[in-house]
Amino acid sequence: MAITFILAFFSGQAVVAEVHFLRTVRLQLCILYTAATFWKFNTSFFDSETSCGTILILELVGAYIPLELSESAIKTIASLAPFITVAGEGTISVTMLAAYQCQSRPSATSFRNTAVILGVLFHLSVFLLPVNSAGGFSLECMSRFIVFFDSNEVSRFMERIQKDRQFLLTAMSWTLVVPPILIVLRFSRTGTQADAGFVATGLLMVFYGLLIHAQPSGALPLRCYRYLSRLRG
């Protein structure tokens, strides 16, 4: 991304540089998630005895599902885990590619929002792993989703923060609530203390949620946002 930024900077005026940079970096992220999905299509990954997907999903189930599962249920989850992993990453890559291909169409926003929401949830699950947690990697990936929002959308978000009191109160509430929930969840289910990375992850979740919510309601991809808006109204 740094090289892409430097090359875009020398491509001309600031507006032109922004367009070139964002288009290129978005494509890079599309390739990243598509490649991550593609290279999982092999016999080793789809074998539950050798797949990392099985290990990671069983870690999450064991730590955060407060139920005593039967042996048959555990075997079923283990056998399905590789397919669940590929389906999750594949959906992120498909929605990213759809957003990239439809950049000039209204549907691009819905694809983008869906990709960001699924990506944040995916990397949150990686962060919450009790043993093989990849917190730095997850934070790095989540922070890059900002490139799917253009400057006008960020400006609209900042304007809502400055001028819309209800939006500001919502932002403050989410900021105060979400990070502590992650910290308590981590400690209560694994017995280990959460570090600053969990606070950063919670803040990123809040930021993207507010950034999406700040856009016109017609562009939101999920019905739950409209329902929440009605409840607040």
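Throughout, read-outs are computed from the coordinates displayed, never taken from laboratory work. Quantities reported herein were computed from a predicted structural model and do not represent experimental measurements. In this analysis, Cβ positions are derived from the backbone assuming ideal geometry, glycine residues included, and neighbour counts consider all displayed protein chains.
The criterion of at least 1 residues that are on the phi < 0 side of the Ramachandran plot, surrounded by fewer than 15 Cβ atoms within 10 Å (Cβ to Cβ) and within 12 Å of the chain's Cα centre (by Cα) is met by the following helices (runs of 4 or more DSSP H) wholly inside the range 75-184: 107-127, 135-143. Quick one: is Phe122 in contact (Cβ under 8 Å) with a residue 12 or more places away in the chain, aromatic (Phe, Trp, Tyr) and more than 24 Å from Thr190 (Cβ to Cβ)? So Phe122 fails the test.
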